[in-house]
Amino acid sequence: MSAQSPRRGQWGSQIGFILAAAGSAVGLGNIWRFPYMAGQNGGGAFVLVYLVCVLVIALPVMFLEISLGRATHRNPVGAIKAVAPRSLWRLLGYLALLTGLGILSYYSVIAGKVLTYCALYVRKLVLGEGIVYSGATVEVVIYFALFLILTVLVVSGGVQRGIERWTKILMPLLVVIMGAIIVRSLLLPGAMAGVKWFVTPDFSKITPRVILNAMSQGFFSLSLGMGAMLTYGSYLSRKDSIVTCGTSVVLFDTVIAILAGFMIFPAVFALGGDPAAGSTLIFQVLPKVFGGMEGGAVVGIVFFFLLCVAALTSTVSLLEVVTAYFVDERRWSRRRSVWTIGAAAFIVGLPSAFDLAGITPWTSITILGKHGFLEAMDFLWGNLSLAIGSLLLCVFAIAVWGLKNAASEIEIGSPGFVRFRAVWIFFIRWICPALIGVILVSKLVS
Ligand code: PFF
């Protein structure tokens, strides 16, 4: 089961995996989605529920996903087939692929908007133009396409050359620039109100909706529930520690999300913005912060550039999951796979792009209680599908693969895990599926 085909790559080192997996995890989910979710779901209350969900649900699921990947050395469909040949469980693998394509489609539209801001700041610096986001349809579609092409080019370079190299240099840089923006944000008069709002949980604000959103945000932010960590884990060697890798990724990702909160909310309160503004929050707030800053245009360029890179390392993982399937199972070449899937993501993403551009049929649509096509896609794939995928993965591990097998796989390379083995099994058997199930049902019936 663990024999690797020569066509498959492997990480250069354990740190290579950590960086790539952290690259997948850290992205628009932390810097664009986390603040707007927190803003709409009660601030400090959301942050608290989020941290609990990450620790209690996401961390155990993270170990499970990576271990299934490493045990089978396959993509999501192949991994399930390797454990349970000819069973209907492979549908879970296909769900993962669909979810990957679904998220890739609208995520690249938002990433395209980030790229547009990058270009706007370059123009400001070079030509002295003001920062005005036109949102014209052609512009939105071109930047969306451009971003997808960038993703395709990186993934076509293969696991190691393409993915590992990028993250190593640019992720630490992102943290540094965020640190600088936080300092600036905190120095604005009135900023402390934002800090207080972000760190003080108001328990009366915790509703089933807040809990569902926080849990789903955890899966989204950590790239769980659609086989991204499984696929990255499949390139990991038995010498490496799943516990170290998984924990580092969770820690890193959570720190970045919290930092994003400290970057945005002090400024929102100081500059008189609305924390519940929704998906446009960072695009409304940050230009104001940069506008009042010495050398703001340069900071704007660097920040939006690094955010593009963070988004790119995430879209790369989304595309990599689907690509690994076509390369492993269908014997397609990497090139053919990436361009075909990229084209499919473009077509599926066009309505989201039209929505962002404000074209009425798409913005006035209401699906699943969500307004606009993009938000509906985000809810369907980014919220529901990841939670369902994670739940089914737990059930699959309990009923088919066997939690003992999973735990033993984790133990290889992490001998210290023996002490937590029983606790981990208890969580995956009872706590995680029960909580995900209850939260999902309570949201769907409400
Ligand atoms: N985790 C990414 C982010 O926070 O931006 C988004 C994402 C990537 C979700 C890969 C799911 C995934 F499989």
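Using the alpha-carbon atoms, what tilt in degrees (0 to 90, nearest 10) does helix 281-291 show relative to the longest principal axis of the chain? Helix 281-291 sits roughly 50 degrees off the main axis of the chain.
Between amide H atoms placed 1.01 Å from N, distances below 5 Å from ILE367 occur with GLY372, all of them 5 or more places distant or on a separate chain.
Shown is the FRET efficiency for LYS404 and LEU368, computed with R0 = 41 Å from the Cβ-Cβ distance and rounded to the nearest 0.05: 0.60. In whole Å, how far is the Cα centre of the stretch 165-204 from that of the stretch 249-305? The stretch 165-204 and the stretch 249-305 have Cα centres separated by 7 Å.
Starting from the Cα gyration tensor of the stretch 324-426, take the square roots of the eigenvalues, sort them a ≥ b ≥ c, and report rounded, prolate or oblate (rounded when a/c is under 1.5, otherwise prolate if a/b is larger than b/c, else oblate). Present the calculation step by step, with values, prior to reporting the outcome.
Working: a/c = 3.56, a/b = 1.75, b/c = 2.03.
Oblate, since a/c reaches 1.5 and b/c is not below a/b.
Fully extending the segment from ALA136 to TYR94, taken as 0.36 nm per residue of separation minus the present Cα-Cα distance, adds 11.6 nm.
With axes computed from alpha carbons, what is the tilt in degrees of helix 44-53 against the longest principal axis of the chain, rounded to the nearest 10 within 0 to 90? Compared with the principal axis, the helix lies near 20 degrees. Binned at 10 Å from 0, what are the whole-percent values of the Cα-Cα distance distribution for the chain, short to long? That works out to 5, 22, 33, 27, 11, 2, 0, in percent per bin. Sorting 56-66, 205-215, 190-200 by average packing, meaning the other beta carbons within 10 Å per residue, from highest down gives 56-66, 205-215, 190-200.
When the Cα gyration tensor is reduced to axis lengths a ≥ b ≥ c, the ratio a/c is 1.5 or higher for the stretch 56-104, and with a/b not above b/c it is classed as oblate. Applying 1/(1 + (r/R0)^6) with R0 = 45 Å to the Cβ-Cβ distance of VAL195 and ARG336 gives a FRET efficiency near 0.35.
Rounded to the nearest 10 square angstrom, VAL52 shows an accessible area of 80 square angstrom against a 1.4 Å probe. Compared with the direct C-alpha span, the chain from LEU187 to SER204 gains 3.1 nm at full extension, assuming 0.36 nm per residue. In plain terms, the bigger the Kirkwood radius, the slower the diffusion; for the stretch 1-106, with that radius from Cα pairs, at 37 °C and 0.692 mPa s, Stokes-Einstein puts D at 200 µm²/s. Along the axis of the charge dipole computed for the stretch 182-298 (Cβ charges of +1 for Lys and Arg, -1 for Asp and Glu, origin at the Cα centre), the listed residues MET226, VAL243, VAL298 are led at the positive end by VAL243. Subtracting the Cα-Cα distance of VAL126 and LEU251 from 0.36 nm times their residue separation leaves 41.1 nm of extension gain.
Quick one: helix 165-187 against the long Cα principal axis of the chain, what's the angle to the nearest 10°, folded into 0 to 90? Helix 165-187 and the main axis of the chain meet at about 40 degrees.
The values are calculated or read from the model by the stated rules, or taken from the named source; none is laboratory data. Just so it is clear, the structure is predicted and the values come from calculations on it, not from any experiment. Note: ideal-geometry Cβ built from the backbone for every residue, glycine included; neighbour counts use all protein chains shown. For the accessible areas, the whole protein counts, side chains as well, though only heavy atoms, and no ligand, DNA or RNA atoms are used. Shrake-Rupley method; radii C 1.70, N 1.55, O 1.52, S 1.80 Å.
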